[in-house]
Amino acid sequence: MRRILVMRLDNIGDVLMTGPALRAIKAALPHTHLTLMASPAGSQAAALLPWVDAVLTWRVLWQDMGSLPFDPAREWHLIETLRAGQFDAAIIFTSFSQSPHPAAVVCKLADIPLCIGQSKETAGALLDIELAAPPDELHQVERNLRLVEALGCPVDDRSLTISIPEAARQSLASKRWTYGITPDAPYAVLNPWTSCAARTYNSSRFAKAARLLGAATGLPVVVVGTEKDREQSAALLEAIGSTAFDMVGQTTLPELAALIDEAQLLLTNNTATMHIADATRTPQVVLFAGTELAVQWQPRHTPTRLLTRPTWCSPCYLFTCPYQQECLDISPATVMAAASALLGNGTSPHLRGIS
């Protein structure tokens, strides 16, 4: 095969978790050109996935929750774009709750001869290689790897990894100076926000946990987030106090990955930074909401404390909690204790200078 289209039309973390599958394809077919089709947010992850040769950015209708107008010409433009790509195959990566069939229809209309996916329901000849859906509890990385193995590519390495460009490390070093974080000084990273309210731990509690951490260890806490998070960052930074460093909205994704890679610890919700820390083997405390099954997404490679409370409504898969977010009713002291346990381990190269 000369050209393969890989489709993962979700967010950054979802695309990062295709990394092991993309690596396996490149190992088996080193001369194959891989085009990643991803959402505007997810396409940012391509900079950390060295197996991707080109990126096609596309926002699907279901991600816009009805905000995109009905525009058949837009969809036909996509079909023509894919047809012009002259792909030999399309691999449609999905989560357990998604169907590959809408994407398969587009691929068939674009004359892509081989479509691979997995689904809980069948749809005739839309998929040329159609795997029966695995159990919902299967980890997302393993779910992705099933499709690669169905293509005939052996998988020798199932671990999650990323490649951080040297340019990102250098630009981060300059920004650290600008924001007062001296080279080689140990620090923790706090990412207190997500794109989904139901998965976001209470920010005042996060601030108190970070304040406790700074007071107990002397670690500066670098607060990160997207540009839109700046609207709510001031109160959190003030609550943390003098140990907080504000880098909210100030990093590219590769720079954020470099920042996490060089940190002693990450405090985060269940979001993209969790997967970055897993890929860089950075110890982390994760406030994991009951919106999903942890076994599908949890880190598998780095020291992690996954904090959650069992509730009757989990997993709910909701964007907004209709109750009181009981699954994240976790005290700052508990978060601090989990962080202290990781920092006290002393076995990780990330824990330099921490006693």
Inset, instruction - For the chain, with a Gaussian network of springs between Cα atoms less than 10 Å apart, report the residue from Ser67, Ser203, Ser195 with the top mean-square fluctuation. - result: Ser67
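Give me Phe206, Phe96 ranked fewest to most by other Cβ atoms within 10 Å of their Cβ, as a rough exposure proxy. List each step's numbers first, then the result.
Working: Phe206 26, Phe96 17.
Listing Phe206, Phe96 from fewest to most nearby Cβ atoms yields Phe96, Phe206.
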Legend entry - Protection proxy ranking, peptides 72-80, 148-156, 310-318, average beta carbon neighbours within 10 Å, highest first: 148-156, 310-318, 72-80
Inset, instruction - Express the relative contact order of region 3-150 as a whole percentage, based on alpha carbon pairs under 8 Å and six or more residues apart in sequence. - result: 24 percent
Inset, instruction - Taking a cut-off of 14 Å between Cα atoms, list the aspartates and glutamates near Lys26, but don't count ones fewer than 8 places away on the same chain. - result: Asp53, Glu149, Asp156, Asp157
Legend entry - Which labelled figure in (1) 20.9, 62; (2) 24.2, 80; (3) 22.1, 82 is Rg and Dmax of the Cα atoms in Å, once derived from the coordinates: (1)
Legend entry - Normalised contact order of the chain, rounded percent, pairs of Cα under 8 Å and 6 or more residues apart: 15 percent
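With Cβ to Cβ distances under 12 Å as the rule, what net charge do the other residues near Leu267 carry (K, R +1; D, E -1)? Walk me through the numbers before you get to the answer.
Working: positive: Arg205, Lys208, Arg211, Arg305; negative: none.
Taking every Cβ under 12 Å from that of Leu267, the sum is +4.
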Legend entry - Local net charge near Ala207, Cβ-Cβ under 14 Å (Lys/Arg +1, Asp/Glu -1): 0
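Note down the magnitude of the dipole of region 118-257 about its Cα centre, charges +1 on Lys and Arg C-beta and -1 on Asp and Glu C-beta and zero elsewhere, to the nearest 20 debye. Intermediate results must be reported in sequence, preceding the final value.
Details: 13 positive and 17 negative charges, 139 e Å.
The dipole of region 118-257 has a size of about 660 debye.
Bear in mind that the values in this text are calculations on the coordinates, not laboratory data. Note that the coordinates shown come from a computational prediction; the quantities given were computed from them, not determined experimentally. Note that each Cβ is placed from the backbone with ideal geometry, even for glycine, and that neighbours are counted across all protein chains shown.
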